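Report on the structure given below.
What follows draws every value from the coordinates through simple rules; no lab data is involved. Since the model is a prediction, treat every value here as computed from it, not as a measurement. With ideal geometry, Cβ positions are generated from the backbone for all residues, glycine too; neighbour counts draw on all protein chains shown.
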Amino acid sequence: MNIVMTGGTSGIGFAALKHFLKQGYQVTVLARTPDKLTIKDDKLTVIKADLNSIKSIKEAIGIIKSTHDQIDVLLNNAGVWSFEFSESEDGIEEIFQVNVLAPILITRELVPLLKKASFPKVITTSSGLHQGKINFDDLEFRKSFSSFKAYRQSKLCEIVWTRYMSKKEPDVFWATQHPGVVNTALARTGGFFTKLFFRLFGKSPEKGAQTLIYLTEESIDNLQTGEYYKNKKKAKTDTLASYDLRAAPKIIQAVDKMINEKS
């Protein structure tokens, strides 16, 4: 199996990576800081890719296209939760760029390589925090920034986009997954009580990675495309907005506009 993944240097991604390598899979990790991965394995390739930079993302995609004949599984696992307003290198609000723009751009460019596989999959790590609605009037929350609303919206966008893509590209299996509350560095920029909550109530990264691993390895005959999974089972999402596929083209259009303006 040939896997390409983001968010593989820490947390559930790192736990999943170790499992994949033990299984003998070929894994390519897109990492902002490649040196952070100290694992030495002939089956592991690390490519520098800063998801805060459209230029860096495109350069990494170019390397993948030149070195891969096909991809079996794409794991959009990277995510951020900035507790204060922060812009990317491109001047885009960081949560939206990393959690929404980056996976859409990476996936779009790599779909041709995925379609060369027998049973291709695109799996995106979302969250149970996907309630509310998409604020198309102010996607980056520049008028009144709320880290909670920005993060929640980004996870909702991922679910809506995934469901839409499962209809648009039926030859590829699509899914989002919720790892649960995990003791990772996701809340590293949060306050004392936020960090304490994740530390006290979060499961281990190894346990948090189980659904990601399950979706990667399970036969698509036993899975349902476009769905949201948690605890290795298909689950319902918590808001009607997560089923409104009319929002997906608007999300993609907004992402395209940002990419075109910054490229």
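Observations on the structure shown:
- Within the chain, the selection of entire DSSP H helices by a Cα span of 15 Å or greater along the long axis and an average Kyte-Doolittle value of at least 0.5 returns 11-22, 102-114.
- Residue with peak Gaussian network fluctuation, the chain [Cα springs, cutoff 10 Å], from ALA209, ALA60, ALA235: ALA235
- Pairwise Cα separations in the chain fall into 5 Å bins from 0 onward with the following percentages, short to long: 1, 6, 14, 18, 21, 19, 13, 6, 1, 0.
- Assigned charges on the beta-carbon of Lys, Arg, Asp, Glu; the chain dipole about Cα centre (debye): 600 debye
- Sequence-separation-based contact order of the stretch 6-85, relative, with Cα cut under 8 Å and 6+ spacing, percent: 30 percent
- Centre separation in Å (Cα based) which lies between the stretch 64-119 and the stretch 241-257: 16 Å
- The stretch 12-140: radius of gyration and largest Cα-Cα distance (Dmax), Å: 15.5, 48
- Residue-span extension gain [LYS55 to ARG142] - 0.36 nm each, minus C-alpha spacing: 29.0 nm
- Rounded to 5, the percent of DSSP beta bridges in the stretch 2-262 classed as antiparallel: 15 percent
- Dipole-positive endmost among THR237, SER56, ALA78 within the stretch 2-262 (Cβ charges, Cα centre): THR237
- Rel. contact order, % - alpha carbon contacts under 8 angstrom, at least six apart, the chain: 19 percent
- Amide proton proximity set for VAL80, modelled H, under 5 Å, gap of 5+: ASN99
- The residue among GLN23, VAL98, LEU37 whose Cα reaches farthest toward the positive pole of the charge dipole of the chain, with charges on the beta-carbon of Lys, Arg, Asp and Glu, is GLN23.
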